[in-house]
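The values are calculated or read from the model by the stated rules, or taken from the named source; none is laboratory data. On a predicted model such as this, the values are computed, not experimentally measured, just so you know. Cβ placement follows ideal geometry from the backbone for every residue including glycine, while neighbour counts extend to all protein chains displayed. Surface accessibility is based on the protein's heavy atoms, side chains included, excluding ligands, DNA and RNA. Shrake-Rupley method; radii C 1.70, N 1.55, O 1.52, S 1.80 Å.
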Amino acid sequence: TFGVFDEANPLSRLNSAGMEKIYEYAELLLQSDLYKRKAAQIIPFTRQLPRFYIAASAGTGQYLDSDAYEMIDVGSEVSSLADFGITLAGDSMEPLYVNGQTVWVHRQETLGNGEIGIFYYDGNAYCKKYTEGEDGVRLLSLNKKYDPIRIDESKGFKIFGRVVG
């Protein structure tokens, strides 16, 4: 470009007619398929996460059996924060989450106000929105046809984790 020659590169000493011949020859080599670079093979990253057999309720409540799960391979479509998956039963979290969908959960014991999580309450597992206010803790459905669940700590309440996908 600036008339600078690189002695280590013989192409830098060619004029435009010589460069044209190089490109013609390169095209012939590529057409023969003998000298084409092979495309890099992308190996997808996978990991195994547990997915529980018993569904968490996105409705009226389901029992969560912590020992009943299968290990499944997941890829980059699942958040790297996810520790386990659970299938939802019901329509209370529609339109964000639907009946039969697997949600991915980061295991943690506390949630911030307004975060969606998986909960144990009174013998059942729920997927709900966590809210804390002056009147205590409530679990909210996104579907307005369901009433909030007011938490009575004496009935047993536990946060399994935050839904991350």
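Quick one: divide the alpha-carbon radius of gyration of the chain by 2.2 N^0.38 Å and tell me what you get.
Details: Rg = 28.9 Å, N = 165, 2.2 N^0.38 = 15.3 Å.
Taking N as the residue count of the chain, the ratio is 1.89.
Once you keep just the Cα pairs under 8 angstrom separated by 6 or more residues, what percentage relative contact order results for the stretch 87-165?
Numbers: 167 pairs, mean separation 28.7, N = 79.
It comes to 36 percent, rounded to a whole number.
So for the chain, averaging the separation of alpha carbon pairs under 8 Å that are six or more residues apart and normalising by length, what relative contact order in percent results?
Working: 324 pairs, mean separation 31.3, N = 165.
Once divided by the residue count of the chain, the mean separation gives 19 percent.
Whole number in Å², please: accessible area per residue of the chain, 1.4 Å probe, ligands, DNA and RNA not counted. Mind showing how you got there, number by number?
Numbers: 11040 Å² over 165 residues.
The answer is 67 Å² per residue.
From the backbone phi of the stretch 150-165, what are the Karplus-calculated ³J(HN,Hα) couplings (6.51 cos²θ - 1.76 cosθ + 1.60, θ = phi - 60°) in whole Hz, Gly and Pro given as x?
Computed from phi, the couplings for the stretch 150-165 are 7, 8, 10, 3, 5, 8, x, 9, 8, 9, 7, x, 9, 6, 10, x Hz.
Please report how many Lys pairs in the stretch 12-165 have alpha carbons closer than 25 angstrom, counting only residues at least 8 apart along the chain or sitting on separate chains.
Lysine pair count for the stretch 12-165: 14.
For the chain, give the percent of accessible area contributed by carbon and sulfur heavy atoms, probe 1.4 Å, rounded to a whole number.
51 percent
Using a simple charge model, +1 on the beta-carbon of Lys and Arg, -1 on the beta-carbon of Asp and Glu, nothing else, what dipole does the chain show about its Cα centre, in debye to the nearest 20?
Computed charge dipole of the chain: roughly 140 debye.
Residues of the stretch 84-108 with backbone nitrogen within less than 16 Å of a virtual label 7 Å along the Cα-to-Cβ line of LYS145, please, listed as ranges.
Only 89-100 pass the distance filter.
Between the stretch 113-162 and the stretch 1-51, what's the alpha-carbon centroid distance in Å?
First find each Cα centre; the distance between them is then 59 Å.
Relative to the longest principal axis of the chain, what angle (0 to 90°, nearest 10) does the C-alpha long axis of helix 16-31 take?
Rounded to the nearest ten degrees, it is 60.
Could you work out the longest stretch of the chain that avoids the GluC sites (Glu not before Pro) located in DSSP loops with at most 10 other Cβ atoms within 10 Å?
Working: sites that count: GLU7, GLU77, GLU109, GLU134.
Counting at most 10 other Cβ atoms within 10 Å as exposed, the longest clean stretch of the chain is 8-76.
Please name which of SER79, TRP104, LEU29 has its Cα lying farthest along the dipole of the chain towards the positive end, using unit charges on Cβ (Lys, Arg +1; Asp, Glu -1) and the Cα centre as origin.
Among SER79, TRP104, LEU29, the one farthest towards the positive end of the dipole of the chain is LEU29.
At 0.36 nm per residue, minus the direct Cα-Cα distance, what do THR46 and SER12 gain on full extension? Give it in nm, one decimal, please. List each step's numbers first, then the result.
Working: separation 34, 0.36 × 34 = 12.24 nm, distance 4.57 nm.
Length difference between fully extended and current span is 7.7 nm.
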